[in-house]
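Throughout, read-outs are computed from the coordinates displayed, never taken from laboratory work. Because the structure is a prediction, the values reported are computed rather than measured. Every residue, glycine among them, receives a Cβ derived from its backbone with ideal geometry; neighbour counts consider all protein chains shown.
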Amino acid sequence: MKITGYVFDSETKNGIIGANIIITKDVQFNDSFQTGAASGLDGQFVTSRLPIGKYKVTFRNMGYKEKIEYVEISKTSGALELNVYLTSAAVQIEEVIVREIKETEEIISAVDISPKMLNMLPSLSGEIDVFKSLQLLPGVKVASEMSSGIYVRGGSPDQNLTLVDGTMLYNPSHLGNIASTFNTYALNDVKLIKGAFPAEYGGRLSSVLDVKLREGTNEREKGVIGIGTIMSHATLEGPITDKLTYIISSRIMYYDQLQEIFQKESVTPRNNFFDMSTKLNYKFSKEQNIAINFMYNKDNIYSPPVNLGFDYKTNWSNMNLSANWLTMNENSYILRSNLSFIKYKFTSSLNDLTNSIESDYFSSSDLQDISVKQDVDLTISDEFTIKSGYEFIFHQYHLVNWIVYHSVLETSPDHFENHNSFELAYFLQSQWQPFGFLNTNFGVRIYKFSNLSDVKFEPRLSMSIAFSDNFLLKGAYAEAHQFLHLILRNDIRMPTDLWYPSTGNIKPSFSRQSVAGFDIYFDKKIYLFSVEAYYKDFENIYEFRDMPYYSVKNPIENNFTKGIGEAYGIEFFLNKRAGKISGWLGYTISWTKRLFNELNVGKIFPPQYDRLHDISFVMTYEIIKNLSLGITWSYSTGSGMTMPTGKYYFTNSEIDGIENQNVNYSSRNEYNLPDYHKMDLNIKYSTTMFSLSTDFFINIYNLYNQSNAFAQYIAYDFDAKKNEFDYTSTPKLNQITLMPFFPTFGFAVKF
Amino acid sequence: MLLGCEQIDVIESNIPFQEFNVVSGRLIGDSSSVKISFTKSFPIELNLTREDVALKEVTAYIWSETQGIFTLKHEKDGIYSPVNKLYIIQGIKYELFAEYKGERIYSVTTVPKEPIIADVKLEGEYLKCVVVPNPKSVYAAKYSIKSLDSNYESYVDSIFYEVTSKLADTLNTIEVRTSNIPIVYFENPEKYKVELILYSLDEPYKDYFSTRENNKPIENIFSEGGGSVFWNVSGKNTIGLFMGYTKTVIPIQIN
């Protein structure tokens, strides 16, 4: 017989993912370990078969009080159902920092981050953000203070697979990196796998960000309204019927409106965004559950009224509609089915208002995907589980990339380059523990892509050896292909995202990743010291070639050039996991390299986001009950940049043209901006006002007012009368510093 | 609070500067006009004349296996010419040897032979020339407008639309085109004479051409800086182009 059931949060009534269920036999005389399980999606769990007898079932999860149930399995009892509610452990709340993956699901290079941990960390606007927190982990970087996306172990943002309740997200961050597109109040769990991920994940080269959204509470109508200086949010949730719940969460950022009032003369870009997510959850029975998700995000960034001779705008929107159907039965299988529709649109334009059109460009990606996937978990024994599944995605892309801007380009289908393609993937993986000290995960993923004749095969292997309770040795190897390429213009500072599928000429990107390391726990497992080394190489990565030629008649792919790359480094991570003060110290030393025959005269160069040294320090402190303090400090080597290094006389253009003054540049990204470092602080106070639970927060971004360089550039004087730059003036080196000191405050009311 | 969220500072430190020797030489087939330029690069903040940056003490010569050695002497503003007359012959390889402050500079180029012209015609708004390419040569074209009436000015196109090379061994001919020509020149054949100037260039020119704009002047703050250019002159801290080419002028008959 088996024990099945759910583990819930007693406050939110949401299922807890990853709780440990430990079953010990014959509780009167012997507490010997019998078997265990971990709760999955929605908090559900299934144990393996148990012989007749009495059992003690212990439910544990960090940040919650342990709960124990006693059960008896007899010949007539049948499968037992246990639904338990865990309550938050107030005195242990600081334990919820970064928790390692549960013992029953050993994934190398993975970290789980809970919303409780996020709530204690500083943020730019008071709006807690997943990406800002992820950036504090070793091996995770950003290209610049305001750039979108995360760069994991030398992989670019498009190489990171972002899943929201199993549905792929093309762009998980708002423009300017103000925030991710996930509202923290709607989050249930965030898992980042930094590399060598299991076979169940695919379609990307570097890493996986697996985000689970909450389902609405079935207790009563609840809500949170938060008002901040540049951003506000609201979340409502509750039951519709006994079996049907809802949650709707939305945010709006209105920084541009405040700029209009307080910074009218500022020449920095104007920025706003809106996002919302809703989830309807219907529980047919204890074995059947269906959830309908809808996410919508829209971002705008545009030129200020005081422009420098240019009119620019970038906007993107993302719409995800998905249905997730979960089925489990007493025979130890869990079946997940997902049907998704994704619509993503990105446009970016630069319009030179002077007479010249040399600087103009227009880029648009209009992408639509329909995907179906199913996977099944089979528990064969305590030591052996199998997971298998398939995924089918149909892509429809409409793309424009043009050197002049005209509004007709945004609407006329005549100018679009259209691509239809599909991906079909199958995976099989096993979790096997042949001996108590040895844990393995072996898998394979097989691909077929519509434009390619051959089938791609990807082995995925990982293994950990526990030499003792406190020392774990681990290693992993994975190969991965990526059929969709995000190709950026390197000659334009504005965002120019262009997603392009593999075609007959554009090969799928390919990576091999190897990871090795160890974990040491000490002082009663309060401290974890972890070291991981990684190496990965890339093939068939694409960028725009030098001097691309844009024309309606010229396929965009003719402007791409193919290269290879490699990334390697060592990550050190010291994590204090319990106590009144908790947090971590991380250090990464890493190298990332690219080699393209047609770029940088065929010499190796580092990408802009390469950082040799990266240090992060995170500390949370519960000063008194309801008053907490969060501090983060980060340091990294300055980002790479290509700098002018002098002028010279030369025939300016063709072989017998006239002589002119040219500018000589360094090798690509040869120079580094000054090293980056800053400290952020968050103070949060929770109280009750007018019978409503209320949180007040103060955030200070860049506490000691460090002038970190966002960019450096050579600037000439601007002649306002002629509306153009005076190139006869003496050029100066300018530095843009963003948010040297940025305090925000706000409050959130729960009802 | 919001006023402090951004700022643009002028950095007090100087713009990085790295000094390079710059070599520029063109060898034109069937010509004896040989001028090689040796200059040095200078900081962006400065406005220096060619005389200011001229390298006047370079020891240099051109070597050809069939024609021998031709010593170069400084004339003015970093321009060097052969002491003895050097007539550039099509199909011949020329090597440039130089030394400046103990550092050696070297380059080599072959002056292409004129190709066989298979066809020249007006294709829409541009001229197209079909040529039988020679090995290790690349091709580009300009148009030239010569006024038959003194009331109108003559004009030579300043840009190559593209540089074309033989892509596959199976192709016997390649097509070389000019940039678009204003139609007015074709509508008035009594006033203008149109010519196509075909350039046969040494093979490395194609790499230079495809990267040359990486050294364009800084235009606006939205443009990311340039990058590296393919040069065919080697030497410590030295950049430059030493290029052989041959011009073929083809008159165009407009019906």
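Using the Kirkwood radius over Cα pairs, work out the Stokes-Einstein diffusion coefficient for the protein assembly as shown at 25 °C and 0.890 mPa s, in µm²/s as a whole number. Before the final figure, lay out the partial values.
Numbers: Rh = 31.9 Å.
So the translational diffusion coefficient is about 77 µm²/s.
How many angstrom separate the Cα center of the range A:174-223 from the Cα center of the range A:656-694?
Their Cα centres are 24 Å away from one another.
Restricting to DSSP loop positions (anything but H, G, I, E, B) with no more than 13 other Cβ atoms inside 10 Å of their own Cβ, which chymotrypsin sites (Phe, Trp or Tyr not before Pro) remain in the range A:221-284?
Details: sites: A:Y246, A:Y254, A:Y255, A:F262, A:F273, A:F274, A:Y282, A:F284; in loops: A:Y254, A:F284.
Answer in residue order: A:F284.
Excluding residues on the same chain fewer than 8 positions from A:K212, give the aspartates and glutamates whose Cα lies under 13 Å from its Cα.
List returned: A:D42, A:D112, A:D165, A:D189.
How high is the FRET efficiency from A:E410 to A:V267, r the C-beta distance, R0 22 Å, rounded to 0.05?
Working: r = 25 Å, r/R0 = 1.14.
Taking R0 as 22 Å, the efficiency between A:E410 and A:V267 is 0.30.
Using the beta-carbon distance between B:E65 and B:E19 and R0 = 30 Å, what value does 1/(1 + (r/R0)^6) give for FRET efficiency, to the nearest 0.05? Intermediate values should be presented prior to the final figure.
Values: r = 34 Å, r/R0 = 1.13.
For R0 = 30 Å, the calculated efficiency reads 0.30.
Rounded to the nearest 0.05, what FRET efficiency do B:D77 and A:E287 have when you use their Cβ-Cβ distance and R0 = 56 Å? Working shown, then result.
Values: r = 89 Å, r/R0 = 1.58.
Working from the Cβ atoms, E equals 0.05.
Which entries of A:K313/A:K343; A:K222/A:K343; A:K313/A:K448 show an alpha-carbon separation above 29 angstrom in the structure shown?
Beyond 29 Å between Cα atoms: A:K222/A:K343; A:K313/A:K448.
Averaging sequence separations of C-alpha pairs under 8 Å and six or more residues apart, then dividing by the length of the range A:608-696, give the relative contact order as a whole percent.
Working: 172 pairs, mean separation 26.9, N = 89.
Rounded, it is 30 percent for the range A:608-696.
What residue among B:Y80, B:Y192, B:Y208 has the largest mean-square fluctuation in a Gaussian network model of chain B, using Cα springs under 10 Å?
Of B:Y80, B:Y192, B:Y208, the most mobile in the Gaussian network model is B:Y192.
Taking only DSSP H segments of four or more residues, each worth -39500 (n - 2.57), what value at 222 nm results for the protein assembly as shown once the sum is divided by all its residues, to the nearest 500 deg cm²/dmol? Display every interim value, and only then the final one.
Details: 6 runs with 32 residues, N = 1006.
Result for the protein assembly as shown: -500 deg cm²/dmol, rounded to the nearest 500.
Please report, in Å, the Rg and the Dmax of chain B, where both are computed over Cα atoms only.
22.1, 77
What trypsin sites (Lys or Arg not before Pro) in the range A:381-466 are in a loop by DSSP, with at most 10 other Cβ atoms within 10 Å of the Cβ? Numbers along the way, then the final one.
Values: sites: A:K387, A:R445, A:K448, A:K456, A:R460; in loops: none.
The qualifying sites: there are none.
Sequence neighbours fewer than 8 away in the same chain don't count; with that in mind, list the lysines whose C-alpha is under 23 Å from B:K142.
Excluding near neighbours in sequence, the set is A:K553, B:K35, B:K113, B:K121, B:K128, B:K166, B:K191, B:K193, B:K206, B:K216, B:K247.
May I ask you to sort A:F197, A:F560 by Cβ crowding, counting other Cβ atoms within 10 Å and putting the fewest first? Numbers along the way, then the final one.
Values: A:F197 27, A:F560 20.
Starting with the residue having the fewest Cβ neighbours, the order is A:F560, A:F197.
Is the shape of the range A:233-378 rounded, prolate or oblate, going by the alpha carbon gyration tensor and its root eigenvalues a ≥ b ≥ c, with a/c under 1.5 for rounded and a/b larger than b/c for prolate?
Details: a/c = 5.36, a/b = 2.21, b/c = 2.43.
Cα axes put the range A:233-378 in the oblate bin.
Normalised by the residues of chain A, what does the relative contact order come to in percent, with Cα pairs under 8 Å and at least six apart? Don't jump to the answer; show the numbers that get you there.
Details: 2128 pairs, mean separation 74.2, N = 751.
Dividing the mean separation by the residue count of chain A yields 10 percent.
Spin-label point model (7 Å from Cα, Cβ direction): what's the B:N172 to A:E221 distance in nm?
Computed distance between label sites B:N172 and A:E221 equals 8.5 nm.
7 Å from Cα along Cα→Cβ at both A:F522 and B:Q90: what's the point-to-point distance in nm?
Here the modelled spin labels are 8.1 nm apart.
Out of the trypsin sites (Lys or Arg not before Pro) in the range A:692-751, which ones are loop residues according to DSSP with at most 16 other C-beta atoms within 10 Å?
On the way: sites: A:K721, A:K722, A:K732, A:K750; in loops: A:K721, A:K722.
Here the trypsin sites (Lys or Arg not before Pro) that fit, given the DSSP loop and packing criteria, are A:K721, A:K722.
Report the longest stretch of chain B that contains none of the GluC sites (Glu not before Pro) sitting in a DSSP loop with at most 10 other Cβ atoms within 10 Å.
So the longest stretch without any such site is B:66-152.
Determine which lysines satisfy two conditions relative to A:K474: a Cα distance under 23 Å, and not lying fewer than 8 residues away in the same chain.
A:K102, A:K191, A:K194, A:K387, A:K524, A:K525, A:K536, A:K576
What's the center-to-center distance, using Cα atoms, between the range A:588-640 and the range A:405-430 in Å?
32
Expressed as a rounded percentage, what relative contact order does chain B have, with Cα pairs under 8 Å and six or more residues apart? It would help to have the intermediate numbers written out before the result.
Values: 570 pairs, mean separation 51.3, N = 255.
Relative contact order for chain B comes out at 20 percent.
Can you give me the distance in nm between label points at B:K113 and A:H613, each placed 7 Å from the Cα along the Cα-to-Cβ direction?
If labels sit at B:K113 and A:H613, their model points lie 6.2 nm apart.
Where the only charges are on Cβ atoms (+1 Lys, Arg; -1 Asp, Glu), what is the dipole of the protein assembly as shown about its Cα centre, to the nearest 20 debye?
Numbers: 94 positive and 116 negative charges, 338 e Å.
Using Cβ point charges on Lys, Arg, Asp and Glu, the protein assembly as shown gives about 1620 debye.
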